[in-house]
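The values are calculated or read from the model by the stated rules, or taken from the named source; none is laboratory data. If you're wondering where the values come from, they're calculated on a predicted model, not measured in any experiment. Neighbour counts run over all protein chains shown; Cβ positions are idealised from the backbone, glycine included. Just so you know, the surface numbers come from the protein's heavy atoms only, side chains and all, with ligands and any DNA or RNA stripped out. Shrake-Rupley method; radii C 1.70, N 1.55, O 1.52, S 1.80 Å.
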Amino acid sequence: MRRVVVTGGGTGIGRAIAERFAGQGDEVFVVGRRKDRLEQVSATTPEGAIRPLVADLSNEEAVLRAAEELSDKPLDVLVNNAGGLVAREKDGLAGTFDVHRRVIERNLLTAMTFTEALWEHLTRPGGRVVNIGSIAGQRGGGGGYAAAKAGLSVWGFDLAAKGGPDGITVNTVSPGYVQDTEFFGENGRSARHDGLVAQTLLGRAGTPADVAATVAFLASDDAAWITGQVIGVNGGALLGR
Ligand SMILES: NC(=O)c1ccc[n+]([C@@H]2O[C@H](COP(=O)([O-])OP(=O)(O)OC[C@H]3O[C@@H](n4cnc5c(N)ncnc54)[C@H](OP(=O)(O)O)[C@@H]3O)[C@@H](O)[C@H]2O)c1
(Lines give C-alpha, C1' and ligand atoms only; values in the text may rest on other atoms or scores of the structure.)
Protein backbone atom coordinates (compact mmCIF):
# COMPACT_ATOMS: atom_id res chain seq x y z
CA MET A 1 0.00 0.00 0.00
CA ARG A 2 1.38 3.40 -1.04
CA ARG A 3 0.60 6.79 0.48
CA VAL A 4 -0.77 9.15 -2.16
CA VAL A 5 -1.75 12.83 -1.99
CA VAL A 6 -4.02 14.34 -4.65
CA THR A 7 -4.61 18.08 -4.58
CA GLY A 8 -8.01 19.17 -5.88
CA GLY A 9 -9.11 15.59 -5.19
CA GLY A 10 -12.66 16.53 -4.23
CA THR A 11 -13.93 17.00 -7.79
CA GLY A 12 -13.41 16.16 -11.46
CA ILE A 13 -10.04 14.84 -12.58
CA GLY A 14 -8.57 14.89 -9.07
CA ARG A 15 -11.44 12.81 -7.75
CA ALA A 16 -10.99 10.23 -10.51
CA ILE A 17 -7.26 10.07 -9.73
CA ALA A 18 -7.94 9.60 -6.01
CA GLU A 19 -10.50 6.86 -6.69
CA ARG A 20 -8.13 5.12 -9.09
CA PHE A 21 -5.36 4.92 -6.47
CA ALA A 22 -7.80 3.91 -3.73
CA GLY A 23 -9.10 1.15 -6.05
CA GLN A 24 -5.54 -0.18 -6.27
CA GLY A 25 -5.42 -0.44 -2.47
CA ASP A 26 -3.43 2.74 -1.81
CA GLU A 27 -4.01 5.11 1.10
CA VAL A 28 -5.10 8.42 -0.44
CA PHE A 29 -5.38 11.95 0.93
CA VAL A 30 -7.49 14.45 -1.02
CA VAL A 31 -6.70 18.13 -0.48
CA GLY A 32 -8.97 21.07 -1.33
CA ARG A 33 -10.74 24.09 0.10
CA ARG A 34 -14.29 22.68 0.25
CA LYS A 35 -14.77 20.20 3.05
CA ASP A 36 -18.11 18.95 1.70
CA ARG A 37 -16.62 17.95 -1.67
CA LEU A 38 -13.73 16.11 -0.02
CA GLU A 39 -16.05 14.31 2.39
CA GLN A 40 -18.31 13.22 -0.47
CA VAL A 41 -15.36 11.48 -2.14
CA SER A 42 -14.32 9.93 1.12
CA ALA A 43 -17.86 8.68 1.84
CA THR A 44 -18.12 6.71 -1.41
CA THR A 45 -15.04 4.59 -0.67
CA PRO A 46 -14.33 2.00 2.04
CA GLU A 47 -13.53 3.67 5.37
CA GLY A 48 -10.03 5.17 5.51
CA ALA A 49 -9.28 4.57 1.80
CA ILE A 50 -9.61 8.27 0.93
CA ARG A 51 -9.07 10.85 3.64
CA PRO A 52 -10.09 14.51 3.37
CA LEU A 53 -7.60 17.25 4.18
CA VAL A 54 -9.01 20.76 3.96
CA ALA A 55 -6.49 23.38 2.86
CA ASP A 56 -6.34 26.42 0.61
CA LEU A 57 -3.01 25.75 -1.07
CA SER A 58 -2.61 29.38 -2.08
CA ASN A 59 -2.27 30.22 1.61
CA GLU A 60 1.21 29.74 3.07
CA GLU A 61 0.06 28.79 6.57
CA ALA A 62 -2.46 26.29 5.20
CA VAL A 63 0.28 24.68 3.07
CA LEU A 64 2.52 24.30 6.10
CA ARG A 65 -0.31 22.89 8.23
CA ALA A 66 -1.30 20.35 5.56
CA ALA A 67 2.32 19.29 5.02
CA GLU A 68 2.75 18.86 8.77
CA GLU A 69 -0.33 16.60 8.90
CA LEU A 70 1.05 14.44 6.10
CA SER A 71 4.61 14.21 7.32
CA ASP A 72 4.29 11.45 9.95
CA LYS A 73 5.19 8.78 7.35
CA PRO A 74 6.92 8.79 3.93
CA LEU A 75 4.82 9.84 0.97
CA ASP A 76 5.02 7.80 -2.22
CA VAL A 77 3.03 9.85 -4.73
CA LEU A 78 2.13 13.55 -4.92
CA VAL A 79 -0.33 14.60 -7.63
CA ASN A 80 -0.46 18.38 -8.09
CA ASN A 81 -3.87 18.59 -9.72
CA ALA A 82 -5.47 21.66 -8.07
CA GLY A 83 -6.02 24.44 -10.58
CA GLY A 84 -8.46 25.99 -12.99
CA LEU A 85 -9.63 29.28 -14.42
CA VAL A 86 -10.35 32.39 -12.37
CA ALA A 87 -12.91 35.11 -13.08
CA ARG A 88 -11.97 38.74 -13.58
CA GLU A 89 -13.40 40.73 -10.67
CA LYS A 90 -12.19 44.31 -11.27
CA ASP A 91 -11.75 46.68 -14.23
CA GLY A 92 -8.57 48.28 -15.47
CA LEU A 93 -4.97 47.47 -14.71
CA ALA A 94 -5.84 46.64 -11.10
CA GLY A 95 -8.17 43.94 -12.43
CA THR A 96 -5.52 42.65 -14.84
CA PHE A 97 -2.97 42.41 -12.07
CA ASP A 98 -5.46 40.68 -9.78
CA VAL A 99 -6.64 38.09 -12.30
CA HIS A 100 -3.10 37.19 -13.42
CA ARG A 101 -1.90 36.93 -9.83
CA ARG A 102 -4.75 34.61 -8.83
CA VAL A 103 -4.50 32.35 -11.89
CA ILE A 104 -0.75 31.91 -11.39
CA GLU A 105 -1.32 31.34 -7.70
CA ARG A 106 -3.99 28.68 -8.35
CA ASN A 107 -2.19 26.74 -11.09
CA LEU A 108 1.50 27.20 -10.36
CA LEU A 109 2.28 28.50 -6.88
CA THR A 110 0.02 25.96 -5.16
CA ALA A 111 1.99 23.12 -6.76
CA MET A 112 5.40 24.70 -6.20
CA THR A 113 4.95 25.51 -2.53
CA PHE A 114 3.12 22.32 -1.58
CA THR A 115 5.75 20.18 -3.32
CA GLU A 116 8.51 22.11 -1.60
CA ALA A 117 6.82 21.60 1.77
CA LEU A 118 6.49 17.84 1.18
CA TRP A 119 9.74 17.23 -0.69
CA GLU A 120 11.76 15.81 2.21
CA HIS A 121 8.95 13.36 3.00
CA LEU A 122 8.88 11.74 -0.47
CA THR A 123 10.04 8.12 -0.63
CA ARG A 124 13.65 7.74 -1.80
CA PRO A 125 14.09 5.98 -4.17
CA GLY A 126 10.70 5.56 -5.86
CA GLY A 127 8.87 8.81 -5.00
CA ARG A 128 6.62 10.19 -7.73
CA VAL A 129 5.43 13.71 -8.47
CA VAL A 130 2.81 14.11 -11.20
CA ASN A 131 1.66 17.59 -12.17
CA ILE A 132 -1.56 18.21 -14.05
CA GLY A 133 -0.81 20.78 -16.74
CA SER A 134 -2.94 21.59 -19.76
CA ILE A 135 -2.94 21.51 -23.54
CA ALA A 136 -3.17 25.32 -23.19
CA GLY A 137 0.28 25.28 -21.59
CA GLN A 138 1.65 23.64 -24.76
CA ARG A 139 -0.11 25.54 -27.54
CA GLY A 140 -1.43 28.71 -25.83
CA GLY A 141 -5.06 29.77 -25.65
CA GLY A 142 -6.11 30.87 -22.21
CA GLY A 143 -3.87 33.85 -21.43
CA GLY A 144 -2.53 33.78 -17.89
CA TYR A 145 -3.91 30.27 -17.38
CA ALA A 146 -1.87 28.96 -20.32
CA ALA A 147 1.21 30.80 -19.04
CA ALA A 148 0.80 29.30 -15.58
CA LYS A 149 0.43 25.77 -16.99
CA ALA A 150 3.48 26.24 -19.24
CA GLY A 151 5.36 27.38 -16.14
CA LEU A 152 4.20 24.28 -14.27
CA SER A 153 5.68 21.87 -16.81
CA VAL A 154 8.96 23.79 -17.08
CA TRP A 155 9.25 23.95 -13.29
CA GLY A 156 8.73 20.18 -13.44
CA PHE A 157 11.89 19.83 -15.55
CA ASP A 158 14.00 21.40 -12.82
CA LEU A 159 12.28 19.37 -10.15
CA ALA A 160 12.97 16.19 -12.16
CA ALA A 161 16.66 17.14 -12.21
CA LYS A 162 16.61 17.72 -8.45
CA GLY A 163 14.81 14.42 -7.77
CA GLY A 164 16.80 12.25 -10.18
CA PRO A 165 19.75 11.46 -7.88
CA ASP A 166 17.27 10.38 -5.19
CA GLY A 167 15.24 8.18 -7.55
CA ILE A 168 12.22 10.52 -7.54
CA THR A 169 10.48 11.02 -10.89
CA VAL A 170 8.59 14.17 -11.86
CA ASN A 171 6.28 14.35 -14.88
CA THR A 172 3.45 16.52 -16.16
CA VAL A 173 0.23 15.14 -17.62
CA SER A 174 -1.24 17.63 -20.06
CA PRO A 175 -4.97 17.06 -20.66
CA GLY A 176 -6.99 18.37 -23.56
CA TYR A 177 -10.71 18.99 -23.21
CA VAL A 178 -12.09 16.89 -20.34
CA GLN A 179 -15.78 17.08 -19.54
CA ASP A 180 -17.68 16.16 -16.35
CA THR A 181 -15.59 18.33 -14.04
CA GLU A 182 -16.24 21.73 -12.45
CA PHE A 183 -13.70 23.38 -14.77
CA PHE A 184 -16.37 24.66 -17.16
CA GLY A 185 -18.94 25.33 -14.46
CA GLU A 186 -21.83 23.37 -13.09
CA ASN A 187 -22.88 21.38 -16.15
CA GLY A 188 -19.34 20.09 -16.73
CA ARG A 189 -19.30 21.02 -20.43
CA SER A 190 -17.59 23.80 -22.32
CA ALA A 191 -19.76 26.24 -24.28
CA ARG A 192 -17.38 25.32 -27.14
CA HIS A 193 -18.00 21.58 -26.66
CA ASP A 194 -18.61 20.62 -30.31
CA GLY A 195 -15.60 22.59 -31.56
CA LEU A 196 -13.30 21.13 -28.93
CA VAL A 197 -14.44 17.58 -29.71
CA ALA A 198 -13.94 18.27 -33.43
CA GLN A 199 -10.28 19.13 -32.71
CA THR A 200 -9.65 15.59 -31.47
CA LEU A 201 -8.71 12.72 -33.77
CA LEU A 202 -10.79 10.31 -31.70
CA GLY A 203 -14.02 12.28 -31.90
CA ARG A 204 -14.83 12.59 -28.23
CA ALA A 205 -14.12 14.65 -25.14
CA GLY A 206 -11.80 13.22 -22.53
CA THR A 207 -13.05 11.84 -19.24
CA PRO A 208 -11.51 12.25 -15.78
CA ALA A 209 -10.79 8.51 -15.91
CA ASP A 210 -8.68 8.95 -19.09
CA VAL A 211 -6.39 11.31 -17.19
CA ALA A 212 -6.40 9.19 -14.02
CA ALA A 213 -5.19 6.14 -15.99
CA THR A 214 -2.14 8.03 -17.25
CA VAL A 215 -1.36 9.38 -13.78
CA ALA A 216 -1.61 5.85 -12.37
CA PHE A 217 0.84 4.60 -15.01
CA LEU A 218 3.35 7.38 -14.29
CA ALA A 219 3.14 6.54 -10.60
CA SER A 220 3.70 2.82 -11.22
CA ASP A 221 6.92 0.79 -11.28
CA ASP A 222 6.46 0.39 -15.05
CA ALA A 223 7.21 4.13 -15.43
CA ALA A 224 10.38 4.04 -13.32
CA TRP A 225 12.56 5.41 -16.16
CA ILE A 226 10.21 8.18 -17.26
CA THR A 227 11.00 11.57 -15.78
CA GLY A 228 11.01 15.21 -16.86
CA GLN A 229 8.31 14.58 -19.49
CA VAL A 230 5.09 16.28 -20.57
CA ILE A 231 2.56 13.62 -21.57
CA GLY A 232 -0.39 14.79 -23.66
CA VAL A 233 -3.77 13.15 -22.95
CA ASN A 234 -5.85 14.96 -25.51
CA GLY A 235 -7.48 12.56 -27.99
CA GLY A 236 -5.08 13.79 -30.67
CA ALA A 237 -6.08 17.45 -30.41
CA LEU A 238 -2.38 18.35 -30.27
CA LEU A 239 0.17 16.10 -31.91
CA GLY A 240 3.46 14.89 -30.67
CA ARG A 241 5.01 17.51 -28.43
N1 LIG B 1 -11.30 19.91 -17.49
C2 LIG B 1 -10.45 20.18 -18.45
O3 LIG B 1 -10.81 20.23 -19.64
C4 LIG B 1 -8.99 20.40 -18.14
C5 LIG B 1 -8.11 20.48 -19.22
C6 LIG B 1 -6.75 20.67 -18.97
C7 LIG B 1 -6.30 20.78 -17.66
N8 LIG B 1 -7.20 20.71 -16.63
C9 LIG B 1 -6.64 20.83 -15.27
O10 LIG B 1 -7.03 19.69 -14.52
C11 LIG B 1 -7.02 20.02 -13.14
C12 LIG B 1 -8.31 19.56 -12.51
O13 LIG B 1 -9.38 20.31 -13.08
P14 LIG B 1 -10.84 19.74 -13.29
O15 LIG B 1 -11.14 19.82 -14.74
O16 LIG B 1 -11.03 18.45 -12.58
O17 LIG B 1 -11.72 20.90 -12.63
P18 LIG B 1 -12.30 21.06 -11.15
O19 LIG B 1 -13.35 20.04 -10.94
O20 LIG B 1 -12.70 22.50 -11.04
O21 LIG B 1 -11.07 20.75 -10.18
C22 LIG B 1 -10.20 21.71 -9.66
C23 LIG B 1 -9.89 21.34 -8.22
O24 LIG B 1 -8.88 22.20 -7.70
C25 LIG B 1 -9.20 22.52 -6.36
N26 LIG B 1 -8.55 23.79 -6.01
C27 LIG B 1 -8.60 24.95 -6.72
N28 LIG B 1 -7.92 25.91 -6.06
C29 LIG B 1 -7.41 25.34 -4.94
C30 LIG B 1 -6.64 25.83 -3.85
N31 LIG B 1 -6.25 27.12 -3.77
N32 LIG B 1 -6.30 24.98 -2.85
C33 LIG B 1 -6.71 23.68 -2.90
N34 LIG B 1 -7.45 23.17 -3.91
C35 LIG B 1 -7.81 23.99 -4.91
C36 LIG B 1 -10.73 22.61 -6.37
O37 LIG B 1 -11.29 22.35 -5.09
P38 LIG B 1 -11.80 23.53 -4.09
O39 LIG B 1 -12.51 24.54 -4.97
O40 LIG B 1 -12.71 22.84 -3.15
O41 LIG B 1 -10.57 24.05 -3.45
C42 LIG B 1 -11.11 21.49 -7.32
O43 LIG B 1 -11.32 20.27 -6.62
C44 LIG B 1 -6.79 21.54 -13.06
O45 LIG B 1 -5.45 21.81 -12.77
C46 LIG B 1 -7.13 22.01 -14.47
O47 LIG B 1 -6.46 23.20 -14.80
C48 LIG B 1 -8.52 20.53 -16.84
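Stokes-Einstein diffusion for region 151-241, with the hydrodynamic radius set to the Kirkwood value over Cα pairs and evaluated at 20 °C in a medium of 1.002 mPa s, equals 149 µm²/s. Share of pairwise Cα-Cα distances greater than 35 Å in the chain is 8 percent (whole percent).
Estimated purely from DSSP H runs of n ≥ 4, each contributing -39500 (n - 2.57), the mean residue ellipticity at 222 nm for the chain is -12000 deg cm²/dmol once divided by its residues. Using the Karplus relation 6.51 cos²θ - 1.76 cosθ + 1.60 with θ = phi - 60°, the per-residue 3J(HN,Hα) values for region 97-105 come to 4, 4, 5, 5, 4, 6, 6, 6, 4 Hz, with x marking Gly and Pro.
For the chain, with every protein chain kept in place, what is the accessible area per residue (1.4 Å probe, Å²)? Before the final figure, lay out the partial values.
Numbers: 11640 Å² over 241 residues.
Heavy-atom SASA per residue in the chain reads 48 Å².
Placing R0 at 30 angstrom, the Cβ-Cβ distance between SER71 and THR96 gives a FRET efficiency of 0.20 after rounding to 0.05. Take the Cα of ASP194, step 7 Å toward its Cβ, do the same at LYS162, and the gap between the two points is 4.7 nm.
Roughly how many debye, to the nearest 20, is the charge dipole of region 189-241 about its Cα centre, given +1 on each Lys and Arg Cβ, -1 on each Asp and Glu Cβ, and no other charges? Let's see the in-between values first.
Numbers: 4 positive and 4 negative charges, 61 e Å.
That gives a dipole near 300 debye.
Go through ASN234, THR207, GLY188 and say which Cα lies farthest out towards the positive end of the charge dipole of the chain; charges sit on Cβ, +1 for Lys and Arg, -1 for Asp and Glu. The residue sitting farthest along the positive end of the dipole is ASN234. In this structure, the amide hydrogen of ARG51, modeled 1.01 Å from its nitrogen in the peptide plane, lies closer than 5 angstrom to those of VAL28, PHE29, VAL30, counting only residues at least 5 positions away or on a different chain. Most tightly packed first, judged by the mean number of other beta-carbon atoms within 10 Å of their residues, the peptides 232-239, 48-55, 108-115 read 108-115, 48-55, 232-239. Evaluated over the chain, the count of Lys pairs having alpha-carbon atoms less than 28 Å apart is 5 (only pairs 8 or more residues apart or interchain). The GluC sites (Glu not before Pro) of region 20-122 meeting both criteria, a DSSP state outside H, G, I, E and B (loop) and at most 16 other C-beta atoms within 10 angstrom of the site's C-beta, are GLU47, GLU89.
Phi-derived couplings, Karplus 6.51 cos²θ - 1.76 cosθ + 1.60 at θ = phi - 60°, listed residue by residue for region 212-228: 4, 5, 5, 4, 4, 4, 5, 8, 8, 4, 4, 9, 4, 10, 10, 8, x Hz, with x used for Gly and Pro. Restricting attention to region 1-79, close to 0% of DSSP beta bridges with both partner residues there are antiparallel.
Amide H contacts under 5 Å for VAL233: SER174, GLY176, restricted to partners 5 or more places along the chain or on a different chain, H placed in the peptide plane at 1.01 Å from N.
In region 1-122, inverting the average of 1/r over every pair of distinct C-alpha atoms gives 14.8 Å as the Kirkwood radius.
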